Amino acid sequence: MTPRELVDLIYRKAAAEDTPPAPAPSRRDTFKMGDPDAQITGIATTGMSTFRVLRRAAAEGRNFIITHEDTWFRDNDIVDFLGDDPIYLAKKAFIERNKLIIWRNHDLAHRMRPDPLFAGQLRTLGWTADRIEPEPRMPIVTLPEPMTLRALARYAAARTGVKSHRVTGDPDMIVRKVAIGVGYAFPSLLAVPDVDAIVGGESAEGSNGTIPTMDQSAFAADMTTLGKKRGIVFLGHMGTEDSPMSLVAEWLRGFVRDIPIAFLPAGEPFHPPLAGSVDTVPAANRR
Amino acid sequence: MTMLSRRDLCVTAGQVIVATSLAGPAMAQRPRSGVPRAEDVASALAELGSADLLAGDPGASVAGVALIADPSLAALRKAVAAGCSLIVSPETPFYGKPADPAASGPFAAMAEAAAKALRDSPAFRAKQALIAEHKLTIYRVAPRAEGGADTSVEALAGQFGWSGNRIAGAHPIYRPPALTLAALVALAHQRLGANGGLRFIGDPALRLSSVLLVPGTAEAVSTTQGLRHADALLTGDMREWELVEYVHDSAEAGFPKGLVATGRILSEQPFVERCALAVKQAFPHVKLQSLLSADPFWRAQA
């Protein structure tokens, strides 16, 4: 089977599972490098096709990489800004030398029902959604037991293995209901006023005044000031969209026979906080 | 360089702001007498950037000026308690820029619903009520950027004591004294007050001879192009699936780089302090409150 044939099969399988058709051809979900008509020797799914993931895939003999995020440091993967950048050229040369083929599965994955990124993150967190709001993607979870925001952050960090998480809100507030986000798909506290906290990936801070934004952290802080406490646990983009790509590997195994398929984690890009340089104790009355 | 504290930066009438971060090109502000109007104060910031009116009356007499990196409800209340009627910030107190329903095409209904939800929210209404009750005027100030120079970059460099160390070129790259990536992380902690929001990528032992400074939010294309010529980037915020991947890949590619993200607000704080100095120089008799914003994030210890 070739990558082109497999991608075609993926689209047909997704359609058969009632995935809504794309409103327009995806600009993200394209082949990024390599020959889509070569024979597949092995498949790797990952949250991000980092250089490290590519090295591991090549070492394991997997020449077809299905990545959720981009390869070339920019959402649209257009490389015209990179020129003869040595990091770009080194990664490109490695891909060519090892005859790797990279295809991005972003928009299709997020169109599927259930969205495997959200489903995978729920599985990683060990929770079940009560409802999806707003439809069709954002899961709302009533926690099995209420817990403080501090305990929630520890729990989410431990389940995902994220060391560089960030939290906003009163650490001692009690959390009963949580909205789940993945990547940059971040729930809005405005849309789900009954949730106490969000456990998500990343969300824009502030605003440059050009692109529509909503600083959820600033909003949570003001709600807390008003006594209507809200909290947010930011697990980072790869803290929420990397391990869920293991679900895509499992899904592929259901209809792709005789080709080895593995999930290769991109991992957290950030270094664990350095001891002694960062005060991790939340300041009381910060806001 | 002296480490700044919140107390160092809370100033009132008759006091001089003493902060090493404010060292830099002298701003030739001639002291003005009389009670200024809000728009007079905004015009005093022209050398540093442009000020856009977000709320209130630009012609209102100013009882006091509060400069705030993070215009939270708590900060606005503090400003009011201190007798300030004019708020100047690089951020909007209204959480960002809502989508324009008229420009949202098929998503117009969604944009309108989101805008209505924001207007109806307790936090938005509380801020609006505070602004109305105390007749606050609010300006958002954007740093001036010309020919690769940016007043917020210069302020951030000053905070680190690097003002004279700019490397010639199109990108705001500075040459620090002998420094490792771990030391730069520690510097961001000490000089900017970054705590739970402080994150970095790269080998802590990486030696840095050049640092690209991008306060605020680092845009993918221009920042990646600048970072090509520097050993590390120090910024506020960035999208994690773009230049984060570039830095993460750099070691595997054999050209290791570092990235330090402090959070957007803290990276803008030195610029706010520069603005405070400009206001103080122009209106030395006007009550001035420069509220140092704390790191809005914390991190739960394992």
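Here are some notes:
- Rounded to 5, percent antiparallel among DSSP beta bridges of the stretch A:126-236: 60 percent
- Overall form of the protein assembly as shown: prolate. Here a/c, set by the Cα gyration tensor axes a ≥ b ≥ c, is 1.5 or more, and a/b is the larger of a/b and b/c.
- Along the axis of the charge dipole computed for chain A (Cβ charges of +1 for Lys and Arg, -1 for Asp and Glu, origin at the Cα centre), the listed residues A:Phe255, A:Thr148, A:Gln121 are led at the positive end by A:Thr148.
- Protection proxy ranking of A:53-64, A:226-237, A:23-34, by the mean of other Cβ atoms within 10 Å over each peptide's residues and highest first, is A:226-237, A:53-64, A:23-34.
- Relative packing of peptides B:250-263, A:6-19, A:151-164 - highest average C-beta neighbours within 10 Å first: B:250-263, A:151-164, A:6-19
- Chain A - charge dipole about Cα centre, Lys and Arg +1 at Cβ, Asp and Glu -1, debye rounded to 20: 520 debye
- Per-residue mean of foreign Cβ neighbours for B:89-101 is 5 (Cβ atoms of other chains, 10 Å radius).
- 20 Å Cα cut-off, lysine pairs counted over the stretch A:3-112 (separation 8 or more, or different chains): 4
- Highest mean packing first, where packing is the average number of other Cβ atoms within 10 Å per residue, the peptides B:102-111, A:178-187 line up as A:178-187, B:102-111.
- Our helix-only sum for chain B, with -39,500 (n - 2.57) per DSSP H run of n ≥ 4 divided by its residues, gives a mean residue ellipticity at 222 nm of -10000 deg cm²/dmol.
- Helical content of chain A, expressed as a calculated mean residue ellipticity at 222 nm, amounts to -8500 deg cm²/dmol (DSSP H runs of 4 or more residues, -39,500 (n - 2.57) each, divided by residue number, nearest 500).
- Cα shape, the stretch A:126-236, gyration tensor, a/c 1.5 rule: rounded
- Looking at chain A alone, DSSP beta bridges between its own residues are antiparallel in about 40 percent of cases.
- Filter on A:Lys229/B:Lys116; A:Lys229/B:Lys280; A:Lys163/B:Lys280; A:Lys228/B:Lys280 - keep pairs with C-alpha separation over 31 Å: A:Lys229/B:Lys280; A:Lys163/B:Lys280; A:Lys228/B:Lys280
- Of all the options B:Pro176, B:Pro31, B:Pro98, the one that moves most in a Gaussian network model of chain B with Cα springs shorter than 10 angstrom is B:Pro98.
- Checking every one of the trypsin sites (Lys or Arg not before Pro) in the stretch B:70-155 against DSSP loop status and a limit of 16 other Cβ atoms within 10 Å picks out B:Lys135, B:Arg144.
- Based on C-alpha pairs under 8 angstrom that are at least 6 apart in sequence, the stretch A:3-112 has a relative contact order of 38 percent.
- Radius 9 Å from Cβ of A:Thr2, net charge of other residues (Lys, Arg +1; Asp, Glu -1): -2
- When both bridge partners sit in chain B, DSSP labels roughly 45% of those beta bridges antiparallel.
- Global form of chain B, assessed from the alpha-carbon gyration tensor, a/c cut-off 1.5: oblate
- Scaled to the globular estimate 2.2 N^0.38 Å, the Cα spread of the stretch B:106-173, given as radius of gyration, is 1.85.
No lab work stands behind these numbers, since they all come straight from the coordinates. The shown structure was predicted, so the numbers you read here are calculated from the model rather than taken from an experiment. No Cβ is skipped: glycine too gets one built from the backbone with ideal geometry, and neighbour counts run over all protein chains shown.
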